[in-house]
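Participant: Input: one structure, supplied below.
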Amino acid sequence: MDADYFQMRISRGIWDSKYRYRERGDIRDATIEDSWQRIARALSVIEKNDTELWRQKFYDVLSGFRFLPGGRIQAGAGTGHRVTLFNCFVMGTIEDSLDGIFDALKEGALTMQQGGGIGCDFSTLRPRGDLAQSVGMIASGPVSFMQIWDSMCGTILSTGARRGAMMATLRCDHPDIETFVAAKRDPTQLRHFNLSVLVSDDFMRAVRSDEPWPLVFPVRPGEALAGVETLERLWSGASAPQPCRVHRRISARELWNQIMRATYGYAEPGVIFIDRVNRLNNLWYRERISATNPCGEIPLPPYGACDLGSINLTQFVVAPFSNQAEFDMRGIGDTVEVATRMLDNVADISRFPLQKQELTERSERRVGLGLTGLADAFIMLDIPYGSAQSLTVAAEVMRTICHRSYRASISLAREKGPFPWFKPDSYLEGPFIQALPEDIREGIRRHGIRNSHLTAIAPTGTISLLANNISSGLEPVYALEYSRRLREADGSVAAHAVTDYAYHLFRERFGDAPLPAAFITAEQISPYAHLDMQAALQPFVDNAISKTISVPEIYSFEHFRSLYDYAYDSGLKGCTTFRPNPVTGAVLVEKEEGTPGMHCCSVEREAD
């Protein structure tokens with residue numbers, strides 16, 4: 001029986017509605033164990049040697065929610081349904097023409113129809129008011145075309161397709177950046193999009209020096225340049241710097257202030273420190289990134305894909321709530337080794353909405369293995385989230401995940417060959433690779449590596465609920481008891497009463513005993529402590545981290561604005577905050593109060 005695996009009703013409901021295999025209405029997964037067997041069987045079928053051995057190993061790490069593959073994998077593996085097993089994609093470069101725009105729209109629709117969220121960089125579209133010389137018409141600007149994508153997403157969802165979010169990015173030097181920043185002030189606009197500004201190092205220097213900031217756009221072939229000021233820029237979609245016409249200059253500090261005011265007031269846009277993303281990209285030698293998946297944990301090249309999975313840390317706490325409580329680090333490492341192989345196999349068995357996506361993923365074999373349940377594990381270990389000890393322990397865990405996954409990928413390369421776009425000398429020159437232990441770098445030098453990237457920390461909204469409402473990703477516990485708003489199969493949003501995993505476990509074992517001091521929730525944690533946790537893990541994450549910094553509604557704007565400077569100075573690849581506001585509202589509602597409060601990730605930012 002699978003009853004012992006589900007501690008609360010909502011978890012069984014999540015499995016039944018989202019991950020249980022049905023064929024034309026007939027139930028094929030009688031229990032959650034059947035689901036794990038289905039996934040293990042599907043991912044082991046391509047193993048040429050010891051297929052049955054790997055099926056059993058895959059099942060063992062799935063059992064009891066020890067390893068949580070991405071939601072698309074759990075829902076689709078072994079079903080035969082024509083769906084992708086990848087959670088999200090970044091779409092191709094949008095050509096600045098009507099044909100190019102609608103070709104890109106079609107590709108986005110086909111991808112979302114199969115259940116994938118998408119990320120799009122709209123920086124290649126000319127600014128509002130520009131003359132399209134070939135047809136003599138005035139351009140309407142990237143934000144106007146984003147409205148079409150937004151409508152497309154809503155239409156696809158209305159057909160009953162799995163919910164998929166979208167990410168839109170725009171360069172900080174695009175002439176329409178101010179329109180983009182203010183686009184979601186209206187609560188009825190672009191509701192299917194997350195927005196992020198691509199912030200460069202030059203822009204941050206200009207902000208701090210209070211310098212004028214040029215807004216530019218690439219010069220088109222045949223465009224008259226007499227008397228026109230131009231600057232060289234490496235623009236989105238281009239492989240080399242190109243001349244860009246200066247449209248106007250604004251105060252860099254004032255533009256930064258507009259971004260800060262917008263995210264303070266309605267939680268968007270987020271910020272991606274794009275130069276840092278590209279500088280630390282393991283494939284720096286062959287690709288330029290300008291977009292991420294909808295949640296931001298996977299910066300991707302055009303047609304790149306998210307192959308995600310998370311180690312559930314709550315299942316590796318030995319003797320919880322006792323003086324002997326500790327992490328089973330060996331168990332974590334052994335699970336990472338198996339999970340790396342599982343995610344690598346996903347690339348070979350999955351369908352892809354587009355052939356270009358298949359080519360990119362199977363040439364890079366990029367995976368994103370991370371952690372979840374971190375905050376609940378801290379509670380079980382009696383370590384307060386945000387304390388110095390918590391940062392040290394979290395870093396140790398992520399170091400283990402990173403290094404074991406790299407060693408596993410080297411072993412896979414010896415067995416199955418390195419990823420096709422692997423170039424040993426160039427790959428080994430990457431800053432992230434150079435920071436790895438010598439034995440890993442020597443292994444890559446001698447044998448190659450199977451996967452270009454290996455680690456990411458994603459929001460695990462739905463699969464964390466499946467695993468008995470463990471804390472999501474690296475987020476702190478929101479509240480011990482609260483009402484969780486979830487999108488239903490018919491598209492409606494309903495509230496469900498839920499209990500935090502660690503709190504439920506403590507009450508089950510100790511009844512009404514006083515709670516240990518480690519039982520702290522998000523509202524008790526400084527926003528800077530949120531950032532410190534993200535920064536503690538970032539050195540061991542070669543993709544990125546999805547983290548929403550919870551900010552109290554009463555937090556002053558001046559303190560709020562300083563969080564983003566702190567994030568930049570802490571070496572993060574991006575920053576997203578949430579402060580309760582009338583535009584965005586809240587997803588999670590505390591059970592006791594029944595009023596909106598802070599949340600760790602919005603419905604749109606759930607990756608699964």
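The values are calculated or read from the model by the stated rules, or taken from the named source; none is laboratory data. Keep in mind it's a predicted model, so treat the numbers as computed, not measured. Cβ atoms come from the backbone with ideal geometry, glycine included; neighbour counts cover every protein chain shown.
Participant: Any idea how many residues of the range 516-562 are part of a loop (DSSP other than H, G, I, E, B), in contact (Cβ under 8 Å) with a residue 12 or more places away in the chain and among the aliphatic types (A, V, I, L, M)?
Facilitator: Selection size over the range 516-562: 7.
Participant: Of Gly237, Gly222, which residue is more than 29 Å from Leu572 (Cα to Cα) and either under 33 Å from the mean Cα position of the chain (by Cα) or touching a residue at least 60 places away in the same chain (Cβ under 8 Å) (or both)?
Facilitator: Gly222
Participant: So which residues in the range 13-46 are of a type in the set (Lys, Arg), surrounded by 15 or more Cβ atoms within 10 Å (Cβ to Cβ) and either without any contact (Cβ under 8 Å) to a residue 12 or more places away in the chain or in contact with a strand residue (DSSP E or B) (Cβ under 9 Å, 6 or more places away or on another chain) (or both)?
Facilitator: Selection gives Arg20 alone.
Participant: Taking the criterion of being within 30 Å of Glu481 (Cβ to Cβ), touching an Asp or Glu at 6+ places or on another chain (Cβ under 9 Å) and charged (D, E, K, R), would at least one residue in the range 52-63 satisfy it?
Facilitator: Taking every residue of the range 52-63 in turn, none turns out to be within 30 Å of Glu481 (Cβ to Cβ), touching an Asp or Glu at 6+ places or on another chain (Cβ under 9 Å) and charged (D, E, K, R).
Participant: Among helices (runs of 4 or more DSSP H) lying entirely in the range 407-450, which contain 3 or more residues that are surrounded by fewer than 14 Cβ atoms within 10 Å (Cβ to Cβ)? Before the answer, list the steps.
Facilitator: Values: elements: 424-428, 431-434, 438-447.
So the answer is 438-447.
Participant: Follow-up. Show the residue pairs meeting these rules: Cβ distance below 8 Å; 6+ apart or different chains; first residue within the range 262-285 and closer than 24 Å to Phe419 by Cβ and modelled with pLDDT of 95 or more; second residue assigned to a helix (DSSP H, G or I) and hydroxyl-bearing (Ser, Thr, Tyr).
Facilitator: From the range 262-285, the pairs are Asn282/Tyr427; Leu283/Tyr427; Trp284/Ser426; Tyr285/Ser426; Tyr285/Tyr427.
Participant: Continuing with the same structure: Working only within the range 456-506, note down all residues that are in contact (Cβ under 8 Å) with a residue 24 or more places away in the chain, out of contact with any strand residue (DSSP E or B) (no Cβ under 7 Å at 6 or more places or on another chain) and small (Gly, Ala, Ser).
Facilitator: Listed by number, the residues that qualify are Gly461, Ser471, Ala489, Gly491, Ala502.
Participant: Something else about it: Among the numbered criteria (1) assigned to a loop (DSSP other than H, G, I, E, B); (2) surrounded by 19 or more Cβ atoms within 10 Å (Cβ to Cβ), which one does Ala567 miss?
Facilitator: Here Ala567 meets the rest and fails (1).
Participant: Here's something else I'd like to know. Step by step: first the residues of the range 538-560, then only those that are of a type in the set (Ser, Thr, Tyr) and within 23 Å of the chain's Cα centre (by Cα), then the one that is nearest to Pro459 (Cα to Cα). Which residue is that? Break it down into steps so the answer makes sense when it comes.
Facilitator: Taking the range 538-560 first, the residues of a type in the set (Ser, Thr, Tyr) are 546, 548, 550, 555-556.
Remaining after also requiring within 23 Å of the chain's Cα centre (by Cα): 546, 548, 550.
Numbers: Ser546: 6, Thr548: 9, Ser550: 14 Å.
Taking the candidates together, the pick is Ser546.
Participant: Would you mind stating whether Arg126 is over 26 Å from the mean Cα position of the chain (by Cα), part of a loop (DSSP other than H, G, I, E, B) and either farther than 23 Å from Phe352 by Cβ or modelled with pLDDT of 95 or more (or both)?
Facilitator: In short, yes.
Participant: Sticking with this structure for a sec: Here is a check on your reading of the model: is Pro214 in a strand (DSSP E or B) and surrounded by fewer than 17 Cβ atoms within 10 Å (Cβ to Cβ)?
Facilitator: When the stated conditions are applied, Pro214 does not pass them.
Participant: Here is a check on your reading of the model: is Glu508 touching a Pro at 6+ places or on another chain (Cβ under 6 Å), modelled with pLDDT of 90 or more, among the acidic types (Asp, Glu) and farther than 29 Å from Cys306 by Cβ?
Facilitator: In short, no.
Participant: Specify the residue that is farthest from Phe86 (Cα to Cα); the eligible residues are those in the range 34-71 that are aliphatic (A, V, I, L, M) and within 26 Å of the chain's Cα centre (by Cα).
Facilitator: The selected residue is Val61.
Participant: Next question, about the same structure. Scanning for something free of Cβ contacts under 8 Å to residues at least 40 places away in the same chain, basic (Lys, Arg) and out of contact with any Asp or Glu (no Cβ under 7 Å at 6 or more places or on another chain), does the range 91-110 turn up at least one residue?
Facilitator: Looking through the range 91-110, at least one residue is free of Cβ contacts under 8 Å to residues at least 40 places away in the same chain, basic (Lys, Arg) and out of contact with any Asp or Glu (no Cβ under 7 Å at 6 or more places or on another chain).
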